[in-house]
There are 2 protein chains.
Amino acid sequence: MELKNVIAREAAKIDQLMREDISELESKGFDPLLIEILEYALFVGGKRVRPLLTILSARFCGCSDEGVYRLAAAFEYLHAASLIHDDVIDGAAERRGAAPVHEKFGLTAAILTGDFLLSFAMERVSRFGGAASLAIFCNATSGMVDGEYRQLRNARNLDQSEDDYFSVIMGKTALLIGAACEIGAVYGGGDDELRGRLQTYGVNLGCAFQIIDDLLDYQGDPNRTGKSVGNDLGEGKMTLPLIYALQRADATDRAQLLSIVSDERQRAEKVAEVSALIDKYHGFDDAREKAEATGKRAMEALSGIGDETAPVEKAALLELCAYVLNRDK
Amino acid sequence: MELKNVIAREAAKIDQLMREDISELESKGFDPLLIEILEYALFVGGKRVRPLLTILSARFCGCSDEGVYRLAAAFEYLHAASLIHDDVIDGAAERRGAAPVHEKFGLTAAILTGDFLLSFAMERVSRFGGAASLAIFCNATSGMVDGEYRQLRNARNLDQSEDDYFSVIMGKTALLIGAACEIGAVYGGGDDELRGRLQTYGVNLGCAFQIIDDLLDYQGDPNRTGKSVGNDLGEGKMTLPLIYALQRADATDRAQLLSIVSDERQRAEKVAEVSALIDKYHGFDDAREKAEATGKRAMEALSGIGDETAPVEKAALLELCAYVLNRDK
């Protein structure tokens, strides 16, 4: 089956299950406004990639139990919580073409709904995945916050290294994707080696995903991505292409880049100029190369396993890597 | 030993343990700004009553294990998380005489630190208390969010009943205090009856605490409470004294109360007038009576148990009730 179809089929099952969860909250008497906001925040779109990874990883380890969907959905709850709080932090005016929760329902509702989803996610990981899974999950959520702090700190550091960048994206994105895979493996009864391999796969997939995301922020077609170009620069976020350019630029170009990057107004107005300078120093090409090498590491983590025992899941996991690297939105 | 001394001794042990937790985070390489904010948010004062209840409940059930402190501290982490997010929501300018986290470190840091503490608390409840404790804990955190939503909704409802009020304070305050006791009982190996009794004790103690808190908001001495008078009214929060007055006032007084309560400027300016009207209809007296009856229910939940097996803990738990009812700050 084509990956696109696998994603669509599993996403439909996850959506169905999340609707059941919300109905259950409703029947327990939770506040109607909370229910309304949960529906708004959870069904605004999205491919459900994180829960899909949990499901594929569990099956990769030989588990055919349908209960894994309940565990997997927790990743979608956590993801929604972090998007809601991130949008507050970034003062975002749009999320997938719609108003973010804080714009539509207010700051109070956004903070509270994020808190609710975070604790709801944890309760479900503990209930359906046990203590070992919750420990992995919490490690990832702590990492997410730590990654955001690093990003805050790095925003004031104009001399960042590739390592600084990777420590941010590990926390922000990759640890959680690694956790989605590892928790699936734990649920599926995979041994330590399988757990480790799937976690490595997920972490590298997550890094590749984030590098491509950061590339699309400069190079994407707004009609495809649904986002305007240069958001990261505007917010003062230093991503890999710019880090490479700053490392390599001659004195004149470096001075010009630094003058733009350290001034909020220039950052918003001079996206094209920054892009041209990044391009001049091969920042985009080399970031793409890095993403491809990272994606390759993800695929290599699975080499020699699963070909006979889980050929469908293995193909899907490998194809996901290719999809992440080639996406234009 | 006097309750004051028990509180001081246990609070010192909990503080010590929290400092060790933070050192551990530091040595794991968490971002220095996160560490700084955690220290700021966790050691701004506070009597550590929630963890104390966990410890006393565990000992009440016969547990002398020192490990209970690690579990108990989770309640302080959760409490700090909720204060940080609440201060953002309320736009608070002060917390225990100091700047709240969002004022001192910014909105981003406040949201992130709250998220971190929430997931840190859950990880520790799961690790030191197991899945049963985490389920109780998450039930309380969901209830907290639900209570806030009810409060939002009720703020627009000028015809509230005592039940509406209790459903808000159950979520906001009492369920969590009940959970602190119940999780202590679970840790201490208490049977279902003991668990239930300690949970009932905690829930009623929490309700009594909140009613007194709401009374102090009108009647407290700012030099003792550290808070100005009439905050709740200013924020449009309908608490028990006002609910009683609205239920009982004659047509003229009711119209006057409603006119003030539904207008933001009048709410801020006419605290004294509202207080006089509440007093006229015995709103304060009856709210205090309700608090006392609720506190009595807390004490009755423990009647006939623990007198021989845990006399010190029982005395402390009973004294806590008296303390909550008689406090002036």
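Please treat every number below as a calculation from the coordinates, not as lab data. None of the values given here were measured: they were computed from a predicted structure. Cβ atoms come from the backbone with ideal geometry, glycine included; neighbour counts cover every protein chain shown.
Before moving on, here are some points about what is shown:
- A cut-off under 11 angstrom between Cβ atoms defines the neighbours of A:THR54, and their net charge, with Lys, Arg +1 and Asp, Glu -1, is +1.
- 18 Å cut-off, amide nitrogen to a point 7 angstrom out along A:LYS296 Cα→Cβ, residues in the range A:212-232: A:212
- Assigned charges on the beta-carbon of Lys, Arg, Asp, Glu; the protein assembly as shown dipole about Cα centre (debye): 80
- Two-site FRET efficiency, B:ALA276 against B:ALA8, from Cβ-Cβ distance with R₀ of 45 Å, rounded to 0.05: 0.70
- For the pair the range B:93-109 and the range A:21-55, the centres of their Cα atoms are 32 angstrom apart.
- In summary, the helical segments of chain B meeting the span-like criteria, namely a full DSSP H run, a Cα extent along the axis of 27 angstrom or more and a mean Kyte-Doolittle hydropathy of at least -0.5, are B:3-27, B:68-90, B:107-154, B:192-219.
- Per-residue average of Cβ from other chains inside 10 Å of B:136-143: 4
- Three-way shape call for the range A:3-310 based on the alpha-carbon gyration tensor, with the a/c threshold at 1.5: oblate
- The residues packed around A:VAL44, meaning those with a beta-carbon under 10 Å from its beta-carbon, carry a net charge of +1 if Lys and Arg are +1 and Asp and Glu are -1.
- Förster-model FRET efficiency, 45 Å R0, A:ASP250 and A:ALA99, C-beta, rounded to 0.05: 0.50
- Positive-pole candidate from B:ALA245, B:PRO222, B:ILE260, dipole of the range B:218-271, charges at beta carbon: B:PRO222
- Applying both filters, DSSP loop and at most 16 other Cβ atoms within 10 Å, to the GluC sites (Glu not before Pro) of the range A:248-329 gives A:GLU308.
- Among the trypsin sites (Lys or Arg not before Pro) in the range B:20-76, those placed in a DSSP loop whose Cβ has at most 16 other Cβ atoms within 10 Å are B:LYS28, B:LYS47.
- Amide H contacts of B:GLY230 (H built 1.01 Å from N, in plane; Pro and chain starts excluded): B:TYR218 sit under 5 Å, all sequence-distant by 5 or more or on other chains.
- Between B:GLU264 and B:ARG156, the simple label model (points 7 Å from Cα in the Cβ direction) yields a spacing of 1.5 nm.
- Ordered by the number of other Cβ atoms lying within 10 Å of each residue's own Cβ, fewest first, B:ILE35, A:ILE211 fall into the sequence B:ILE35, A:ILE211.
- In this structure, the pairs whose alpha-carbon distance is over 29 Å, taken from A:LYS104/B:LYS270; B:LYS4/B:LYS172; A:LYS270/B:LYS28, are A:LYS104/B:LYS270; A:LYS270/B:LYS28.
- The calculated FRET efficiency for the pair B:ILE35 and B:GLU235, based on their C-beta separation and a Förster distance of 25 Å, comes to about 0.15.
- Cα gyration tensor shape for the range A:96-227, rounded if a/c is under 1.5, else prolate or oblate: oblate
- Positive end of the dipole of the range B:58-160 (Cβ unit charges, origin at the Cα centre): among B:VAL145, B:VAL88, B:SER126, the Cα lying farthest that way belongs to B:SER126.
- Listed residues B:ARG267, B:ARG297, B:ARG248, most fluctuating in chain B (Gaussian network, C-alpha, under 10 Å): B:ARG248
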